[in-house]
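Structure, as structure tokens:
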Amino acid sequence: MKKINSIIAILFLSISISFANEEYQAAMLKEIQVMNQAGPASDLQKSANSFARIAQMNPEEWLPHYYAGLALANASFRSQEGAAEKDVLLEEAKKHVAKAAAISSNNSEIVALDGYITMAELAIDPASRGQYLSPLAMQKFGKAVDLNRKNPRAIMMLGQMELGMAEFFGTGPAKGCGLITASLELFEKEAESKNPNEILPSWGKEMAEQIKTNCN
């Protein structure tokens with residue numbers, strides 16, 4: 001009888017876990033779609049808050065924190081507020097990145113997002129922040145590429161930084177454009193293999209295509 005009860009208990013536990021996973025996947029997919037359709041910075045802040053709530057309910061998952069950080073970084077880029085307000089958004093984004101990294105260490109996507117946030121900090125005031133933040137962003141993107149040389153987001157953002165550096169120093173864009181081209185090829189492969197219900201990061205292709213126009 002004890003054996004039968006144990007089997008029943010295991011079955012119920014398996015069903016409960018499966019149901020919880022389905023709820024998590026559905027909540028994430030819905031919020032990713034909302035975030036992708038977001039307009040102003042305020043919409044992205046709402047998405048970040050939604051991802052933060054999902055993270056609270058799923059403390060073992062890194063993706064909710066990742067997307068919360070991404071939403072806040074994009075909110076900074078779209079914000080019409082001043083530097084101080086944008087920095088507040090990015091400080092919160094960095095907290096989510098740190099939490100994601102604590103769950104999934106040496107993750108190329110998380111490291112690339114960390115670099116993207118550094119890029120957002122740089123964009124607030126390139127004149128005063130460029131000297132120390134540009135090398136830091138390059139370092140983070142380089143690490144993200146080393147961790148996964150098939151990560152199109154890491155390669156695309158490294159290429160963007162290379163193009164910026166080339167423009168600043170008056171050197172040729174060949175290296176940066178080569179990275180952008182490589183990222184677009186990887187984006188194509190990623191799109192071919194992507195499941196419609198996939199919640200892993202897949203953003204960045206449109207950004208890469210826009211950057212590519214500077215190479216023509």
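Here are the numbers for the structure shown:
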| item | result |
| --- | --- |
| Debye equation applied to the C-alpha atoms of region 17-105, log10 I(q)/I(0) at 0.16, 0.20, 0.23 Å⁻¹ | -0.59, -0.87, -1.07 |
| Taking region 17-105 and dividing mean pair separation by its residue count, relative contact order in percent (alpha carbons under 8 Å, at least six apart) | 27 percent |
| The chain, relative contact order in percent, only Cα pairs under 8 angstrom and at least six apart counted | 14 percent |
| Helix 41-57 vs. the chain, principal-axis angle (Cα, 0 to 90°, nearest 10) | 40 degrees |
| Karplus (6.51, -1.76, 1.60) ³J(HN,Hα), θ = phi - 60°, over region 94-104, in Hz, Gly and Pro reported as x | 5, 5, 5, 4, 4, 5, 5, 5, 5, 7, 9 |
| Residues M207, M156, M35, sorted so that the one with the fewest Cβ neighbours within 10 Å comes first | M207, M35, M156 |
| Per DSSP, loop GluC sites (Glu not before Pro) in region 77-144 with at most 16 further Cβ within 10 Å | E81 |
| Crossing angle, helix 2-36 versus the chain [Cα axis fit, 0-90 degrees, rounded to tens] | 30 degrees |
| Relative exposure of V34, V145, judged by other C-beta atoms within 10 Å (fewest first) | V34, V145 |
| Debye, to nearest 20: dipole size of region 17-105, +1 on Lys, Arg Cβ, -1 on Asp, Glu Cβ | 100 debye |
| Alpha-carbon centroid distance for the pair region 148-216 / region 54-129, whole angstrom | 19 Å |
| Cα-centred dipole magnitude for region 61-133, charges only on beta-carbon of K, R (+1) and D, E (-1), debye, nearest 20 | 80 debye |
| Exposure proxy order (Cβ contacts within 10 Å, fewest to most) of W203, W62 | W203, W62 |
| Distance in nm between pseudo-label sites at E60 and R129 (7 Å out along the Cβ direction from Cα) | 3.7 nm |
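None of the figures in this text is laboratory data; all of them are computed from the coordinates on show. Not measured: the values here are computed from a predicted model. Quick reminder, even Gly has a Cβ in these numbers, built from the backbone with ideal geometry, and neighbours come from all protein chains shown.
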